[in-house]
Amino acid sequence: MFSLFPLFSRYRCYVLASLCLFISIPSFAQSIITLYANGTSAAAVTLHYADPVRLAQVVSDSLKQRTVSETPYWLGSSLSTATEPKTKQALITQLTQLSQQHRDDVLVSDSFANTAQWLQQHIHHQRLPVNIDIDKVRLNKADNPLLNGNYQLQLANRPTSVIVIGAIEKPQTITWQPRMAAKEYLTQVTPLTIAANSEVTVIQPDGVIQQHPIAYWNNNHNDIAPGAIIFIGYQSLFHNYSELNHAISSMLINRTL
């Protein structure tokens, strides 16, 4: 007599095996956020979303992961892609070549080399021009984009310093002071002879680029926020560094706190 039991047993084993295979395969997430909820000094966590997700939802979920008591420093918080800026390595190569070309002037050579080294060590991802402040992304549709892909979100802690970089021997970290202008910060460093002397470029913590006058004839007070970068441009009668200065300042907006 024909029995269905062996057939049923084989079918049951097939179904169970298929079910186990299905369970073992991780679900595909269309948006993966590497989150630094407590600043870059703390370990990262990963947020997975099976569908594209709004920035406001991601920021809200990120705040739940934050364990420090202080409110995030929204001005310095950032959203970046998972890849580094496309022009980063080309800029570093250019600075390295300039360092070699100016070997007869040790300070200038070191300046180019140290700027290249700083960019290599501190610029890792392409920062996106979006606001992270939870109140703004909730209220303004334009500030609440749909995210689909891999990103890095940084909820920054309020820093206590600013960075001076560019036409000095090496980048320096200086204690931030309220109402202190760029010209006053520069009294604490020694600009090179090829340093721009009428204005500097300030990259505020939100990535906004500003030109701040520093000469006696155009001096005008502009506030500098904690965590800003003061970039002293290169200027020479024999070399046109305008494109280089633009490339460096454009790269510096990708720094995250």
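The values are calculated or read from the model by the stated rules, or taken from the named source; none is laboratory data. It should be emphasised that the depicted structure is a prediction, and the values quoted were computed from it without experimental measurement. Neighbour counts run over all protein chains shown; Cβ positions are idealised from the backbone, glycine included. The area values use the complete protein model at the heavy-atom level, side chains included, leaving out ligands, DNA and RNA. Shrake-Rupley method; radii C 1.70, N 1.55, O 1.52, S 1.80 Å.
Quick look at the values:
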item	result
Residues of segment 78-122 classified as open to solvent by 20 Å² or more (accessible area, probe 1.4 Å), touching a residue at least 40 places away in the same chain (Cβ under 8 Å), not charged (D, E, K, R) and not in a helix (DSSP H, G or I), total	4
Single condition A29 does not satisfy, out of (1) at pLDDT 95 or above; (2) assigned to a loop (DSSP other than H, G, I, E, B); (3) surrounded by 15 or more Cβ atoms within 10 Å (Cβ to Cβ); (4) not basic (K, R)	(1)
Only listed residue being over 13 Å from the mean Cα position of the chain (by Cα) and either of a type in the set (S, T, N, Q) or surrounded by 13 or more Cβ atoms within 10 Å (Cβ to Cβ) (or both), chosen from V59, V68	V59
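This table checks each residue for (1) in contact with a Pro (Cβ under 9 Å, 6 or more places away or on another chain); (2) modelled with pLDDT of 95 or more; (3) among the acidic types (D, E).
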{"residue": "R103", "(1), (2), (3)": "no, yes, no"}
{"residue": "N114", "(1), (2), (3)": "yes, yes, no"}
{"residue": "W118", "(1), (2), (3)": "yes, yes, no"}
{"residue": "R127", "(1), (2), (3)": "yes, yes, no"}
{"residue": "K136", "(1), (2), (3)": "no, no, no"}
{"residue": "K141", "(1), (2), (3)": "no, no, no"}
{"residue": "L147", "(1), (2), (3)": "yes, yes, no"}
{"residue": "Y151", "(1), (2), (3)": "no, yes, no"}
